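The values are calculated or read from the model by the stated rules, or taken from the named source; none is laboratory data. Note that the structure is predicted; figures quoted are calculated from it, not measured. Glycine also receives a Cβ, built like all others from the backbone with ideal geometry; neighbour counts cover every protein chain displayed. Side chains included, ligands, DNA and RNA excluded: accessible areas come from the protein's heavy atoms. Shrake-Rupley method; radii C 1.70, N 1.55, O 1.52, S 1.80 Å.
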Amino acid sequence: MIDLSVQLGRLHLRNPILVASGTAGYGRELADYVDMALLGGFIPKTVTRHPRPGNPPPRTVETACGLLNAIGLDNDGWDYFWQHHWPHLQTLPTAVILNIAGKSEDEFVELAADVARRGVGLAALELNLSCPNVAGGLDFATDAERTRRIVRRCREVCPNLPLIAKLTPNVTDITVIAAAAAEGGADAVSAVNTYLGMAIDWRQRRPRLGNVTGGLSGPAIKPLALRAVWAIARRRIIPVIGVGGIATMDDVMEFLVAGASAVQIGTANFYDPSVACRLIQDLPAAIAQLGTSRVRDVIGTLQTPE
Amino acid sequence: MPHLRHVRIVSQEKLAERTYRLRLICPEIARVILPGQFLMLRLAGTNDPLLGRPFALYDTWGDDSSSPLGVDIVYLVVGSMTSRLCTVPAGSVVEVWGPLGRPLPAFSELEQVVLVAGGIGQTPFVAYTHWLLGSRGYGGQAARPQARRVLLYYGVRTAARLAGLTDFQTAGAQLYLASDDGSVGWHGSILDRLQAEQPAGPLIGCGPEPMLKALARLARQWQRPCWVSLETPMACGIGACFSCVTRIGTAHNWDYRRVCVDGPTFEAALWHDAFSEQGSDAPLGSTGA
Ligand SMILES: Cc1cc2nc3c(=O)[nH]c(=O)nc-3n(C[C@H](O)[C@H](O)[C@H](O)COP(=O)(O)OP(=O)(O)OC[C@H]3O[C@@H](n4cnc5c(N)ncnc54)[C@H](O)[C@@H]3O)c2cc1C
Ligand SMILES: Cc1cc2nc3c(=O)[nH]c(=O)nc-3n(C[C@H](O)[C@H](O)[C@H](O)COP(=O)(O)O)c2cc1C
Ligand code: FES
């Protein structure tokens, strides 16, 4: 028997494979493709205080081995979420991690306080400090001090839930931001959200995205995300959840060896909707190949030259 | 259950200029799919192109229509995925998930239905004609006539692009053609022809967005029931990515709706984009952020 369970601060997961926010809807969309009873955890699409229509289409465009998106946090808002999505999410036989975004620090804190009241049964709270696609910028995690403050204040008002800070890679040194999240009291960081990018139709001299710029995801960003995860993990700053281009067993194992304590599958859900469950089923064999029976023994075992 | 399947290509047949019919063996999908629904299709073993592409059901195939063996799709070679797809030989495997989306509208005891197709937008209408006229059953249901006549108004750039005419004739549609260059049928747009001839009955359109917008406005002017089947770019086809949205009217104003799960066919009167320019007004609940 291979022990797949992992521990990230106060968050315990039965296995390290989760689906990423914004890539699997609110739980119903993937129901036919994903056996929730297998998943390590499920993270619904970011919820905001007020309904947000999202950005004008086109919202996605495919690039070489990648996807550029500018959805713009399209969601029906806080009240709708608790009324319509939460009752269903509560029934899912997996760890549900709520993902929220505030327009301001105060709004983050207000939402986190409400989560503490209403989110009975949640496994954790993930703060989306890193959405690149919203006018005015919701990428709070470009600033270490703001990251520390938001995490600390959210932890104060929501003390009993494990807290995850989702970081943007669009910074000079992500380890500084990860350290700030750790100091604020986060249990883990998710690294990374999407990389800023754009695509142009030169014949029309127009951007291909309605929002002009967007965030790049998918296999194209995997080496970048892997390096970001390794940079945080090697300094043992805080447990890391690796996200970015993960689609195969090799990808999962590379992130674990690099130091991720868990991984999230994002864009791959779009083109291979059952991928997360297949990876979970194949994980024990891959772990066994390394001559161990515990996922935990694999995490952060990368050997680099001195 | 519509999970990802590895599906074998039986044949690829060129139907017209840059237009191919792909025949797939997939009895599970073929038995349940309805006209107007679509599949996501992805090339196996490559990450470039990365995403699947949606393709409408052209028709089911197999001797017995109550338990068909597979589906046909018909595609136009336009870009990265289709230019590779047309080189994939019979016997190869592609990745497919579906059926997805909602079917085209069903009717009962109608005199006449008018289908309006622009270019490759004709693809959902072969199965739909069979379904409406009751010459073939779908989704495990026995064939049942829903309309007495189906008129297909079908516009193309040029005669070389006309695809599947015999399939439409076999299905029983009456054809009304138009071409931009006058090489076949009416010289001009299919909407011009429709406007000139004003056939009776509900209108159902599929094709380029400008054509569908014009159709929706025409239907409003004629006070005619009308549906449009949209082809917004899709990344997942299953409602997970929120990329395929279009503006659909709500009780108060409009909201973005996912074409893959709430469509691809919408009542034209609710299709906000047809009646206003993009970005010219804000939706209810807009935070201005
Ligand atoms: C519900 C639905 C059903 C569809 N059914 C069919 C079908 O039966 N047969 C068929 O040939 N195609 C169909 N399409 C379109 C198809 O999914 C692909 O978009 C098309 O084949 C182009 O893919 P590609 O990779 O070859 O081109 P890409 O490389 O993706 O694109 C090439 C160029 O075409 C443009 N383009 C791509 N897709 C669209 C679009 N949907 N509308 C306008 N411009 C576009 C792009 O902007 C780009 O400039 C359908 C789409 C939808 C949403
Ligand atoms: C279409 C799309 C929508 C996304 N929406 C969200 C979101 O609502 N909240 C969030 O925290 N991350 C969102 N993300 C980011 C992903 O969760 C993930 O961090 C990123 O895509 C990198 O992983 P991947 O390459 O596996 O997709 C979105 C990504 C995509 C592609
Ligand atoms: S294509 Fe992903 S939500 Fe419609």
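Worth a mention:
- Taken as a whole, the structure leaves residue A:142 outside the set of residues that are hydroxyl-bearing (Ser, Thr, Tyr) and open to solvent by less than 50 Å² (accessible area, probe 1.4 Å).
- Matching residues, segment A:1-55, being of a type in the set (Phe, Trp, Tyr) and either open to solvent by 10 Å² or more (accessible area, probe 1.4 Å) or out of contact with any Gly (no Cβ under 8 Å at 6 or more places or on another chain) (or both): A:26, A:33
- Checked against the criteria, residue A:57 does not count as farther than 23 Å from residue A:248 by Cα and more than 14 Å from chain B (Cβ to nearest Cβ).
- Segment B:46-58 residues that are facing another protein chain (nearest Cβ under 10 Å) and within 18 Å of residue B:75 (Cα to Cα), paired with ones that are near ligand 1 (Cβ under 7 Å from one of its atoms) and of a type in the set (D, E, K, R) (beta carbon under 7 Å, 6 or more apart): B:49/A:62; B:51/A:62
- Tally of residues being of a type outside the set (Asp, Glu) and either part of a strand (DSSP E or B) or facing chain B (nearest Cβ under 7 Å) (or both) across segment A:14-54: 17
- Residue match in segment A:248-258 (condition: away from ligand 3 (no atom under 16 Å from the Cβ) and within 12 Å of another protein chain (Cβ to nearest Cβ)): yes
- Scanning segment A:66-103 for residues that are over 20 Å from the mean Cα position of the chain (by Cα) and over 25 Å from residue B:255 (Cα atoms) returns a single hit, A:91.
- Within segment A:271-284, residues that are away from chain B (no Cβ under 14 Å) and aliphatic (A, V, I, L, M) reach partners that are crowded, with 22+ Cβ neighbours inside 10 Å and assigned to a helix (DSSP H, G or I) with beta carbons closer than 7 Å, at six or more positions or on different chains, in the pairs A:283/A:252.
Quick grid of which residues meet (1) in contact (Cβ under 8 Å) with a residue 12 or more places away in the chain; (2) buried (at least 24 other Cβ atoms within 10 Å of the Cβ); (3) closer than 18 Å to residue A:164 by Cα:
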{"residue": "A:199", "(1), (2), (3)": "yes, no, no"}
{"residue": "A:254", "(1), (2), (3)": "yes, no, no"}
{"residue": "A:266", "(1), (2), (3)": "yes, yes, yes"}
{"residue": "A:297", "(1), (2), (3)": "no, no, no"}
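- Among residues of segment B:231-243 that are at the interface with another protein chain (Cβ under 7 Å from one of its Cβ atoms) and touching a residue at least 40 places away in the same chain (Cβ under 8 Å), those with a beta-carbon under 7 Å from a residue that is open to solvent by 20 Å² or more (accessible area, probe 1.4 Å) and not polar (S, T, N, Q) at least six positions away or on a different chain give the pairs B:238/A:29.
- Considering residues of segment B:1-16 that are open to solvent by 40 Å² or more (accessible area, probe 1.4 Å) and part of a strand (DSSP E or B) only, the residue nearest to residue B:240 (Cα to Cα): B:6
- For segment B:38-75, filtered to residues that are part of a strand (DSSP E or B) and aliphatic (A, V, I, L, M), the residue that is nearest to ligand 3 (Cβ to nearest atom) is B:40.
- Just so you know, in segment A:227-247 the residues that are in a helix (DSSP H, G or I) and of a type in the set (Val, Ile, Thr) include one that is nearest to the other protein chains (Cβ to nearest Cβ), and it is A:229.
- Qualifying residue in segment A:165-182 (condition: open to solvent by 10 Å² or more (accessible area, probe 1.4 Å), under 30 Å from residue A:64 (Cβ atoms), within 14 Å of chain B (Cβ to nearest Cβ) and within 19 Å of the chain's Cα centre (by Cα)): no
- Screening the candidates B:71, B:156 for the property of being within 29 Å of residue B:186 (Cβ to Cβ), surrounded by 22 or more Cβ atoms within 10 Å (Cβ to Cβ) and in contact with an Asp or Glu (Cβ under 9 Å, 6 or more places away or on another chain) yields one hit, B:156.
- Filtering segment B:17-37 to residues that are open to solvent by less than 10 Å² (accessible area, probe 1.4 Å) and part of a strand (DSSP E or B) leaves B:19, B:22, B:24.
- Scan segment B:163-193 for residues that are in a loop (DSSP other than H, G, I, E, B) and open to solvent by less than 70 Å² (accessible area, probe 1.4 Å) and the total you get is 10.
- Against the numbered list (1) open to solvent by 50 Å² or more (accessible area, probe 1.4 Å); (2) under 23 Å from residue A:269 (Cβ atoms), residue B:50 comes up short only at (1).
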